[in-house]
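What follows is a short report on a single structure.
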Amino acid sequence: MNRCPVIGLNMSLELTDKYEKLGLLVPLSYVDAVAGAGGIPLCLPPCPDISIIRQSIPLLDGIVLIGGDDYRPEHYGGHVQPEIELMHERRDRFDLELARMILQDTVMPVLGICGGHQLLSIVQGGALVQDIRTEWNFPSEYPPLPHAKKERNEKQNEKFRHAVRLEEGSLVGRVVQIPPGDLLTANSTHHQSVHPGRVGAHLRASAWSPDGVIEAIEPSPDSPWARSGRFVLGVQWHPEQMQNEAPHRNIFRALIEAALDK
């Protein structure tokens, strides 16, 4: 029987409707995408002491850093944001410690999705564009797309997609397995993005939306991760919500393959 790699998933902290108490949540789409690719999902709760989770690291073969609310801007020198936009402080603190530990102390493959993609940049010294709609001022032939749900009406939200240009020869290009030069179609539910002027140490941008927003990050060619062949990939969209399409399934399959090879 073939071994199934164990893939860690960080978790959201949210108030329950009935009792207004904090509860833990991982959207099933993440669980199903990992399991569908041949992995065993293992949820990692935001324990108050990261050393508790550190003891579980030997059980893991890879990790998915999931999306969620915004990380606190003080981590990258950003401006103050409304508290309602920010994730719970406990998850915020835990996620940063977890991501640093995984990147610095292990060689396991890492996939960051949406907020998890931004987290990879933050822990490597990168920064974010805190609100694309109001702050995006980088050269582009296109005005900013309505990346966030709040910028679209309900009908638009149902099936909103945009094109993603992949750098030829990039990790993300190899992973999704579409013909060179073709555009990927992706969803969009974010109002922040990785800052093009500060992607983070050992990282580079490798995919972009038509308005120039960074859609994927991966190891830069001269980085120790690239030299060792380590799988580190961040994508701004939600491939776990598009598992009916082969390119997005391939992202999770690549993670599982890397986990088996680590």
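What follows draws every value from the coordinates through simple rules; no lab data is involved. Keep in mind that what you see is a predicted model, and the values were worked out from it rather than measured. Using ideal geometry, Cβ is built from the backbone for each residue, glycine included, and neighbour counts are taken over all protein chains shown.
Quick look at the values:
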{"item": "Volume per residue of the C-alpha convex hull in the chain, rounded to whole Å³", "result": "143 Å³"}
{"item": "Three semi-axes of the equivalent ellipsoid, the range 1-102, Cα gyration tensor, whole Å, largest first", "result": "26, 17, 13"}
{"item": "Cβ-based exposure ranking for His202, His75, His117, in which fewest neighbours within 10 Å come first", "result": "His75, His202, His117"}
{"item": "Ile52-Glu74 pseudo-label distance in nm [points 7 Å out on the Cα-to-Cβ vector]", "result": "2.3 nm"}
{"item": "Beta bridges per DSSP with both ends in the range 6-261, % antiparallel, nearest 5", "result": "55 percent"}
{"item": "Sorted by Cβ neighbour density within 10 Å, fewest at the top, the residues Ile40, Ile132", "result": "Ile40, Ile132"}
{"item": "Cα lying deepest toward the dipole's positive end in the chain, options Tyr76, Leu171, Ala201, charges on Cβ", "result": "Leu171"}
